[in-house]
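Below is one structure, written out as structure tokens; comments come after it.
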Amino acid sequence: MFTRLTDNRGTWADGTTERLDALILATGSRPHRPYLAGLDGALDPAGLPRHRGGASPAYPGLAFVGLEWQRSLSSNTLRGVGRDAARAAPRLAAHLARNCPLPS
């Protein structure tokens, strides 16, 4: 697990850093997001994700799924998380395509 995140880098416990194109985290049934605390504007003062339909307004490459009432009553259930993920994935893919193009 990274000990620190910046705009496009993760820092490991030994201090080495790594460039990140994407980071997907599954925190389980109890939200625990201290790893986002260093990203100014990613969380509100209560530690909840700032988002619009799952998309972070502060970081175009950051999206959330599985949040309570993210888009619907079922957003934080196995039944609803897939719909929210299907909506987030194309936005993240477009962000990566614009910012991390594959070599030709």
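Taking 19 Å as the cut-off, the amide N atoms of the range 45-60 that come nearer than this to a point 7 Å along the Cα-to-beta-carbon line of residue 69 belong to 45-57. An oblate overall shape is assigned to the range 40-98, the ratio a/c of its alpha-carbon gyration tensor axes (a ≥ b ≥ c) being 1.5 or greater and a/b not exceeding b/c.
Contact order, relative form, for the chain: 16 percent (alpha carbon pairs under 8 Å, 6 or more residues apart, mean separation divided by residue count).
The overall shape of the chain is oblate: from the C-alpha gyration tensor, with semi-axes ordered a ≥ b ≥ c, the ratio a/c is 1.5 or greater and a/b is no larger than b/c. Build a GNM of the chain with springs between Cα atoms under 10 Å apart, and of 36, 20, 92 the one that fluctuates most is 20. Per residue, the chain reaches -7500 deg cm²/dmol at 222 nm when only DSSP H runs of four or more residues are counted, each adding -39500 (n - 2.57).
Here, each number is a calculation from the coordinates, and none is a lab measurement. Keep in mind that this is a model prediction, so the values were computed, not measured. For neighbour counting, all protein chains shown are included, and Cβ atoms are generated from backbone atoms with ideal geometry for every residue, glycine included.
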